[in-house]
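The values are calculated or read from the model by the stated rules, or taken from the named source; none is laboratory data. Just so it is clear, the structure is predicted and the values come from calculations on it, not from any experiment. Backbone-built Cβ (ideal geometry, glycine too); neighbour counts: all protein chains shown. Ligands, DNA and RNA are stripped out before the accessible areas are found, and what is left, the full protein with its side chains, is counted by its heavy atoms. Shrake-Rupley method; radii C 1.70, N 1.55, O 1.52, S 1.80 Å.
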Amino acid sequence: MFDDYFGAQSFEDEGDFIPLISIEEEDEKTIQEIYSDILPILALKNTVLFPGIVIPITVGRDKSIKAINRAYEKDRIIAVVSQRDSKIENPNPGELYQVGTIARIIKLIRMPDGTTTAILQGRKRFRIQSMVKEDPYMEGIVSIISYEEASQKMEFEALIASIIDKAGQIIELSPNIPSEAIVMLRNINSQSFLLNFIASNLGVKVHQKQHILEVNNLHEKAKIVYKQMDGELQLLELKDQIESKVRTDIEKQQRDYFLSQQLKTIQEELGQNPQEEEVRTLAERAKKKKWTKAVGETFEKELGKLQRMNPQVAEYSIQVNYLDLLLELPWDQYTEDNFDLRKVKKVLDKDHYGLEKVKERILEHLAVLKLKGDMKAPILCLVGPPGVGKTSLGKSIANALDRKFVRMSLGGLHDESEIRGHRKTYIGAMPGRIIQSIKKAGSSNPVFILDEIDKVGKDFRGDPSSALLEVLDPEQNSTFHDNYLELEYDLSKVMFVATANSLATIQPALLDRMEIIEISGYSTEEKVEIAKRHLIPLQRDEHGLKASHIKIPVKTVRKAIEEYTRESGVRSLNHRIAGIMRGVAKRVAMDEVSNIVVNPEDLRGYLGPSRHSNDVYQKALTPGVAVGLAWTQVGGDILFIEVSLNKGKGMLTMTGNLGDVMKESATTALSYIKAHCEELGIDVELFSQRDIHLHVPQGAIPKDGPSAGITMLTAITSAFTGRPLKPYLAMTGEITLRGKVLPVGGIKEKILAAKRAGLRQIILCKENEKHVEDIQPSYIEGMTFHYVTEMSEVLKLALRA
């Protein structure tokens, strides 16, 4: 608003104008002039003339020149209206607004180029009643329009005052308007003239100005003007904020530059140069490094680039970071391994109970390394349920070998750059986590744990498991290439130990590069030993207790394992022991007791009611119910197979969130029973007269796999024959249509789950016998195993007579 308030320029034709204030302020209402009913009409292209306002216009169109000349010769009065569309050169009456302003031609100046400049002063508003003629200029019958007075005088007066105040704010924010303009505005006495003057200076479109001109009620006109001014003020404030911010930023840059130049000059006078000092420090550090010729040449080359760089540019810090990385990486730096095998075995046994296969493999590697002197490190993959100590075993291995320890979690990793790094050309580029971890370790032969390798993701950013192929291949990792480092790094001496809960989600090519060591779940006896040796002392120390404060007998630990946990590992058991320690610590801190023996009957007070019971597996089962063994990612588990018969047409319904393989096992079992119904003593008519409903409880948990085949066969046969199963009996095995029983996996976990549940007899495939022999005899003491090859043998062993 008011951007060109004081000034004058000419615009071609009846175009933009610079509104000026009248020399003698006149209220439109007080003007007593008498005008002819028929007046020449002048069309304006890009503006609206308001009463009381003086504007200069350059007239160029033929009709307009004739209208101006005719009016000037007669009485100097002309009717001025605005065009609806400024692009139209010769508008007809329908293309003009109907409301305009009668103007007095104050001055008419004929220019040398043939155009005419007219200075017009708005007088009163009018409406075109009809057009008298269009040639040689437009002429029409007009009628004067009067204002409606504001009904609410006080509110109107307040609104006018607000308009003046807002105009003052706008003038303050507008650099092209002199501050004296606000004084002039405050001295305008006519409210209608004030509104017209401000409206004519608003930076809004023609149709918005025309709307203000046409409003008859002064109060409404004031509201519209105020609203438009408010919009302009907001725009000016925003513009001022932006300009101020930009100005501040430029001033800060100039100040920083000036200070840096001053500092540079001072340092030069004192004989100091930070850049040279930094380069010299890097060069001195490089002299102490024992690296290959290729690395040395690369460092010298990059250091030369740094010397030629301006320290002010962004690339300077990137170059310094890269050179720092080269210097901090442990090129050809190795820790010395502990070759005292007995000591290594002692450390491993002290830290972890059981896990004999893993310990044996570590000792074998050390033995070969001791004899040969140089050997590529093995790449192990520890697979087992949660809580069995896979990750902590890595730290124990590092302690036993006197090596540095590094752990990198791969769970949820999606970006390939996390492994191989980003190229230096990217903003914020960094080396991959492999190189970062080696730098952190400070040696090139640490024990490197790749945790949760089975949970690596894959999306549009790349496949990290494919990037790991190079890392975990002994034939390739001696020349590992990181995108940021851009040099080959030898990872062949690093002992990689990956951990996983399942092999199913690991890429086959990656799986092929690792040596798989399966870690089964712990038996109750193993858990008791782990609790005694590790968990109880650890939790006692963490809760500030002494050995004299608390004693937990073996029978209490056994009850906690059997009734408060149901897991393959010992993580939940650790939480339960921590719960006991908290309760004891509270009583000791309150001076209630000085030493406590936690007996089995005291567990309810510390841990609440027991969470698991074995009674459900030991009760006599009704016909149609069988107990199966299942393997899950958290270890072995027990599941019931329930079958009921209802009147129907022989339909088989299966519920319990079963997978396709499990459903196929049920169908196979039913087909076998139908084919051998006479041998089993089942009336063939029953199959067409009864519907069969097979259900596996815990329907919220998805279940799949073939190992429940013989359990389903036994449950369906039991339902049709009415013969219940023997107590304390569980089974697992796959079935075929030929009546064969096939082996299944996860035998140790399943048997340990059966042992925990108090089951005494297990039916297995004959080929699974070798897996049972791998289990320590003390863990399965009191259990009987029946090995079968035919489905008929299963039914003879399982069903009561």
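With the calculation restricted to Cα positions, what are the radius of gyration and Dmax of the stretch 387-430 in angstrom?
Over the stretch 387-430's Cα set, Rg and Dmax evaluate to 15.4, 44 Å.
Can you pull a Stokes-Einstein diffusion coefficient for the stretch 348-416 at 4 °C (1.567 mPa s), Rh from Kirkwood over Cα pairs, as a whole number of µm²/s?
Estimated via Stokes-Einstein, D reaches 94 µm²/s.
Take residue 776 and residue 88, extend 7 Å from each Cα along the Cα→Cβ direction, and tell me the distance between the two endpoints in nm.
Modelled inter-label distance: 10.2 nm.
Would you mind checking the tilt of helix 62-74 against the longest principal axis of the Cα atoms of the chain, expressed as 0 to 90 degrees and rounded to 10?
So the inclination is approximately 40 degrees.
Give me the one-decimal nm value for the distance between modelled label points at residue 266 and residue 575, 7 Å along each residue's Cα-to-Cβ direction.
For the pair residue 266/residue 575, the computed spacing is 6.1 nm.
How large is the accessible surface of residue 631 in square angstrom, using a 1.4 angstrom probe and rounding to the nearest 10?
It works out to around 110 Å².
Under the rule of -39500 (n - 2.57) per DSSP H run of 4 or more residues, summed and divided by the residues of the chain, what mean residue ellipticity at 222 nm is obtained, to the nearest 500 deg cm²/dmol?
The helix contribution divided over the chain gives -13000 deg cm²/dmol.
Tell me, rounded to the nearest percent, the portion of alpha carbon pairs in the stretch 470-530 spaced more than 19 Å apart. All intermediate terms of the calculation are to be shown ahead of the outcome.
Numbers: 935 of 1830 pairs.
It works out to 51 percent of all Cα pairs.
Greater than 29 Å separation of Cα atoms is the criterion. Which listed pairs, 343/750; 647/726; 346/748; 166/245, meet it?
Check vs 29 Å cut-off fails for 343/750.
Whenever you get a sec, compute what percent of the accessible area on the chain sits on carbon and sulfur atoms (1.4 Å probe). Walk me through the intermediate numbers first.
Working: 19710 of 39760 Å².
C and S atoms contribute 50 percent here.
Rounded to the nearest 5, what % of the DSSP beta bridges within the chain are antiparallel ones?
Taking every DSSP beta bridge within the chain, about 60 percent pair in antiparallel fashion.
Taking every pair of alpha-carbon atoms in the stretch 36-90, give the share separated by more than 13 Å as a whole percent.
63 percent
Just grab the label-to-label distance for residue 736 and residue 152, each label 7 Å out from Cα along the Cβ direction, in nm (one decimal).
Each label point lies 7 Å from its Cα, and together they span 9.6 nm.
Over all directions, what mean area does the Cα convex hull of the stretch 130-215 project, stated in square nanometres?
Result: 8.4 nm².
Relative to the present Cα-Cα distance, how much length would full extension add between residue 674 and residue 586 at 0.36 nm per residue of separation?
Length gained, residue 674 through residue 586: 25.2 nm.
What three numbers, in Å, describe the spread of the alpha carbons of the stretch 361-471 along their principal axes, ordered from the longest?
Computed over the Cα atoms, the extents are 47, 33, 20 Å.
Work out, in µm²/s and without decimals, the Stokes-Einstein translational diffusion coefficient of the stretch 122-271 at 10 °C, 1.306 mPa s, Rh from Kirkwood over C-alpha pairs.
For these conditions, the coefficient is 81 µm²/s.
Where in the stretch 423-444 does the amide nitrogen come within less than 15 Å of the point 7 Å from the Cα of residue 324, taken along Cα to Cβ?
428-431, 436, 439-440
Please determine, in degrees from 0 to 90 and to the nearest 10, the orientation of helix 153-173 with respect to the longest principal axis defined by the Cα atoms of the chain, where the helix direction is its Cα long axis.
80 degrees
Given N residues in the stretch 87-149, what is its alpha carbon radius of gyration divided by 2.2 N^0.38 Å?
For the stretch 87-149, the normalised Cα radius of gyration is 1.35.
I'm checking a number: the convex hull volume of the Cα atoms of the stretch 413-510, normalised per residue, in Å³. What is it?
It comes to 95 Å³ per residue, whole-number rounded.
Rounded to the nearest whole Å³, what is the per residue volume of the convex hull around the Cα atoms of the stretch 700-801?
Spelled out: Cα convex hull of the stretch 700-801, divided by residues, is 112 Å³.
Using 0.36 nm times the number of residues separating residue 785 and residue 314, minus their current alpha carbon distance, what extension gain do you get?
162.3 nm
Probe 1.4 Å, all protein chains in place: accessible area of residue 113 in Å², nearest 10?
For residue 113, solvent-accessible area is about 120 Å².
Of 211, 481, 219, which has the most accessible area and how do the rest follow, probe 1.4 Å?
So the residues, ranked largest to smallest area, are 211, 481, 219.
From the P(r) of the stretch 157-203, can you give the percent of Cα pairs sitting at distances over 11 Å? Don't jump to the answer; show the numbers that get you there.
Values: 733 of 1081 pairs.
Summing the P(r) tail past 11 Å for the stretch 157-203 gives 68 percent.
Compute from the Cα atoms of the stretch 409-451 the Rg and the Dmax, the latter being the longest Cα-Cα distance, and quote both in angstrom.
11.5, 32
Place a point 7 Å from Cα of residue 767 in the direction of its Cβ. Which residues in the stretch 697-720 have their backbone N less than 14 Å from it?
Taking a point 7 Å out along Cα→Cβ of residue 767, the residues of the stretch 697-720 whose backbone N falls under 14 Å are 706-707.
Would you mind working out the accessible area per residue for the chain, using a 1.4 Å probe, and quoting it in Å²? Walk me through the numbers before you get to the answer.
Values: 39760 Å² over 801 residues.
About 50 Å² of surface per residue is accessible.
Computed over the Cα atoms, what is the radius of gyration of the stretch 740-783 divided by 2.2 N^0.38 Å, N being its residue count?
So the Cα radius of gyration is 1.10 times the expected 2.2 N^0.38 Å.
Mind listing the phi-derived Karplus ³J(HN,Hα) values for the stretch 673-684, rounded to whole Hz, using 6.51, -1.76 and 1.60 with θ = phi - 60°, and x for any glycine or proline?
Using θ = phi - 60°, the values come out as 5, 4, 6, 10, 4, 5, 5, 8, x, 10, 5, 4 Hz.
Going by alpha carbons, how many degrees (0 to 90, nearest 10) lie between the helix axis of 218-269 and the longest principal axis of the chain?
60 degrees
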